[in-house]
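Colleague: One structure, pasted below without further comment.
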């Protein structure tokens, strides 16, 4: 009983597949505090950089709207006036919209959660379960959200009190100054206040992001049994691999199995055909076909080659050419010597080539030895 409990305990870190599957389902790393901080920074930056532009555009719009001349009556063109005045006021608003959109996109992008996930919008019955809601409210998640709310109130309240206390003398003198000057001072004070408050939200976000990551990581923790099941699904169950090996032994005779294990290279196409070639310098006058097959036999040859650590290379055209023009135990056709020699030269230096990151060489099969999968010569 204790063994079963230990096996089911979620003590292992989530695998990349688990993380990608959860992201596809909509369970991604998110932080509302980071999104709020970025939006506040965007709004504060816009007020500081473009607030005066917006106020001036709005003032000009009101001034022109309240001014009526004889030409306006004689040449009445409401569409033109609306276009001219509307464009002027829409430009600063468009810049605000662009900043807000950039901030909305930057939040998920910074957390690596950017992208569309349709499954997140699907109906899930557990979201309507009252017990699940109560668990969120009074569990660890609820306590975390309560702590963040209290921290925001305390931090932002302190910052707000400091701002008011610092700017109180200037606020008291606004009533005695010119209206335009007062509006400018008020806009500047609001912009600076929003920047400082956004800085406080950034501090909270920097604390919230690691907390959210830890909670998501804990939620996605896996048991050892789950990891084994995932490995079985991705790599194939050991029982299935054993069955494949047994099938390979049953299909090929003992001599063929021995020939494949002694092969220099196995060429594939990539699933229909397999050809095993042997070339021993000083012993074989030319490369010899030691085994060939299609369908299940081809799969068996490949399985045996993997078990014997024989290199497997995918050359569809060359594989078909050898399969349809040579028999097992015979040397390859003379027309294919150059192509096969190029492949063998690569195989004999395989370790060095792999270490250098070299790709298998490109070979050319003579037109007279080009076949389709049905054995018909290709024009």
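Values quoted throughout were computed directly from the atomic coordinates according to the rules given, and no laboratory measurement underlies them. Keep in mind that this is a model prediction, so the values were computed, not measured. When we count neighbours, we look across all protein chains shown, and the Cβ atoms used for this are built from the backbone with ideal geometry, even at glycine.
Colleague: Could you give the semi-axes, largest first, of the ellipsoid that matches the stretch 284-378, computed as the square roots of 5 times the alpha carbon gyration tensor eigenvalues and rounded to whole Å?
Modeller: 21, 17, 14
Colleague: Please arrange 31, 22 by how many other C-beta atoms lie within 10 Å of their C-beta, fewest to most.
Modeller: Arranged by neighbour count, lowest to highest, 31, 22 become 22, 31.
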